[in-house]
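For reference, the structure discussed in these notes is given below.
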Amino acid sequence: MYVSMSISHESIRYSVMNSAISLLIGWMLDLLIGDPIRLPHPIVWFGKMIAFLEHRLNKGAHRKLKGALTVLFLVGVVFLVTWGIRYLLSPYPSYLTILFDAIIIFYCLAGTTLIREVLAVFRALDRSLDEGRRQVARIVGRDTTELSAQEVRTAALETLAENLSDGVIAPLFWFALLGTPGMLAYKMVNTLDSMIGYQTARYRDFGCWAAHIDDIANYLPARLTAFLMILSQRNCFSPSLYRFVWCNGKKHASPNSGYPEAALAGILNCRFGGPHTYFGQRFDKPYIGDNDRLLNIYDMKKAIRVNRMAELWMVIIVLLRSIW
């Protein structure tokens, strides 16, 4: 009995260390490489799967039910397939599972690519407004053809804050809870929301469950993201900054996106939000913050530092959880 328990504890400790090693490898790969352009990407496959089912099911009656079943099916398949591959690898040398997990983590993290895209927006805007509009259209869902230079910069920084949660903190949060199967399943949830979770005529019914489940999956990570962003500041114990985030985070149309956006708006002392146009429809979103000052390259650089520090804090937290 004693030997059995010792072996069990040893195997758990060994598994935990493997998880920590996988995280470090995957995170470092993202820092050094970002999203690999020439390699197949799971998110691209997710998008094709979603488009295939949406094209065939988003018509006729019972669209809400068909949308809900689509979400459950796709998320379940991703979780079970990832878990199954890890199970099949378990009899083999542990480095195979470590490598598999590291690759999944690498693909699920988007911190470096997001920062590169935001840098590209500001550089394009320095060349011309039209270039800036086209560049920011790569990372936002809103129509960008009529945006002013200030609105282009605002859109880029809003996306930087929001996607710090969606692309870094939330995947790591679900990795800490459910390992790589949970991490990859979260990415499917997030991809579903980004493709069909809109309040437009086409997606209002079919995509409503995708939006609801994404809201649930991001509830804690979004608020954790805001806290980690504030934690990266010298005045991280300032009550006024927390009050600002609490009051303004609730103004966003999304129950989650407003918190990281409010954190960055408070840190930069600027204003986010306002009216946006999606698929030809205007949405009057509340403003986050009051200081409608012009944003500049120094704001962008500070926002990137905030992102990187929040990401580092989250990696440390997940590693400590793995080790302990």
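The values are calculated or read from the model by the stated rules, or taken from the named source; none is laboratory data. Source: prediction; values computed, not measured. Here the Cβ positions follow ideal geometry from the backbone for every residue, glycine too, while neighbour counts run over all protein chains shown. Each accessible area value is taken on the protein alone, full model and side chains, heavy atoms only, with ligands, DNA and RNA left out. Shrake-Rupley method; radii C 1.70, N 1.55, O 1.52, S 1.80 Å.
Just to be sure I understand the model, the point goes 7 Å from the Cα along the line to the Cβ. What's the resulting W45 to L178 distance in nm?
A separation of 1.8 nm, rounded to one decimal place.
In region 106-172, if every C-alpha pair distance is counted and binned at 5 Å from zero, what percent goes to each bin?
For region 106-172, the binned pair fractions read 3, 20, 30, 21, 13, 8, 4, 0 percent.
What does the charge count near V315 come to, summing +1 for each Lys or Arg and -1 for each Asp or Glu among other residues with Cβ under 15 Å from its Cβ? The partial results should precede the final answer.
Values: positive: R308, R321; negative: D30, D101, E311.
With Lys, Arg at +1 and Asp, Glu at -1, the net is -1.
Given the whole protein assembly as supplied and a 1.4 Å probe, what does the accessible area of E131 come to in Å², nearest 10?
Rounded to the nearest 10, that gives 60 Å².
What translational diffusion coefficient, in µm²/s and rounded to a whole number, does the Stokes-Einstein relation yield for region 73-194 at 25 °C and a viscosity of 0.890 mPa s, taking the hydrodynamic radius as the Kirkwood radius over Cα pairs?
Working: Rh = 16.0 Å.
Reported coefficient: 153 µm²/s.
In the chain, what percent of the accessible surface is made up of carbon and sulfur (1.4 Å probe, ligands and nucleic acids excluded)?
On the way: 10770 of 16720 Å².
Looking at the chain in its full context, I get 64 percent from C and S.
Excluding same-chain residues fewer than 8 positions from K250, which lysines have a Cα within less than 16 Å of its Cα?
Hits, sequence-local ones excluded: K285.
Which of the lysines could be linked to K59 by a straight reach, that is with a Cα gap under 28 Å, when you skip same-chain ones fewer than 8 residues away?
Correct list for K59: K48, K187.
Mean-square fluctuation check for the chain, GNM, Cα pairs under 10 Å: which of D284, D205, D166 is largest?
Among D284, D205, D166, the largest mean-square fluctuation in the Gaussian network model of the chain belongs to D284.
Using a simple spin-label model with points 7 Å from Cα along the Cα→Cβ vector, what separation in nm is obtained for R243 and H212?
3.7
By how many degrees, between 0 and 90 and to the nearest 10, does the Cα long axis of helix 2-32 differ from the longest principal axis of the chain?
Approximately 30 degrees, to the nearest ten.
State the volume of the convex hull built on the alpha-carbon positions of region 175-275, expressed per residue in Å³ and rounded to an integer. Could the numbers behind the result be given before it?
Values: hull volume 10.8 nm³, N = 101.
Spelled out: Cα convex hull of region 175-275, divided by residues, is 107 Å³.
Taking region 1-155 on its own, what percent of its Cα-Cα pair distances exceed 19 Å?
Numbers: 8416 of 11935 pairs.
Roughly 71 percent, once rounded to a whole number.
Kindly report the accessible area of region 18-101 per residue (heavy atoms of protein chains, probe 1.4 Å, no ligands, DNA or RNA), in Å².
Accessible area per residue, region 18-101: 63 Å².
Rolling a 1.4 Å sphere over the protein heavy atoms, what is the accessible area per residue of region 203-324, to the nearest Å²? Can you show the working numbers first?
Working: 6270 Å² over 122 residues.
Each residue of region 203-324 exposes 51 Å² on average to a 1.4 Å probe.
Taking the Cα centroid of region 148-171 and of region 116-144, what is the distance between the two, rounded to the nearest whole Å?
Here the answer is 12 Å between Cα centres.
State in Å² the accessible area per residue of region 112-192; use a 1.4 Å probe, count heavy atoms of protein chains only, and round to the nearest integer. Each step should come with its number before you reach the end.
Working: 2780 Å² over 81 residues.
Here the per-residue accessible area is 34 Å².
Cut-off 10 angstrom, C-alpha nodes, Gaussian network model of the chain. Which of Y219, Y186, Y259 fluctuates the most?
In the Gaussian network model the winner is Y219.
What Kirkwood hydrodynamic radius do you get for region 18-106 when you take the inverse of the mean 1/r over all pairs of distinct Cα atoms, in Å? Walk me through the intermediate numbers first.
Details: mean 1/r = 0.0654 Å⁻¹.
Computed over Cα pairs of region 18-106, the Kirkwood hydrodynamic radius comes out at 15.3 Å.
Kindly provide the Kirkwood hydrodynamic radius of region 231-324 in Å, to one decimal, from all pairs of distinct alpha carbon atoms.
Numbers: mean 1/r = 0.0678 Å⁻¹.
Mean inverse Cα-Cα distance, inverted, gives 14.8 Å.
Let me know the Kirkwood hydrodynamic radius for the chain, please, with Cα pairs as the basis and the value in Å to one decimal. Numbers along the way, then the final one.
Working: mean 1/r = 0.0481 Å⁻¹.
By the Kirkwood definition, the hydrodynamic radius is 20.8 Å.
Would you mind getting me the FRET efficiency between D205 and I33? Use the beta-carbon distance for r and R0 = 35 Å, nearest 0.05.
Numbers: r = 40 Å, r/R0 = 1.13.
With R0 = 35 Å, the Cβ-Cβ based efficiency is 0.30.
Between A149 and R116, what is 0.36 nm times their sequence separation minus the Cα-Cα distance? Round to one decimal in nm.
Details: separation 33, 0.36 × 33 = 11.88 nm, distance 1.88 nm.
Net length gain for the segment: 10.0 nm.
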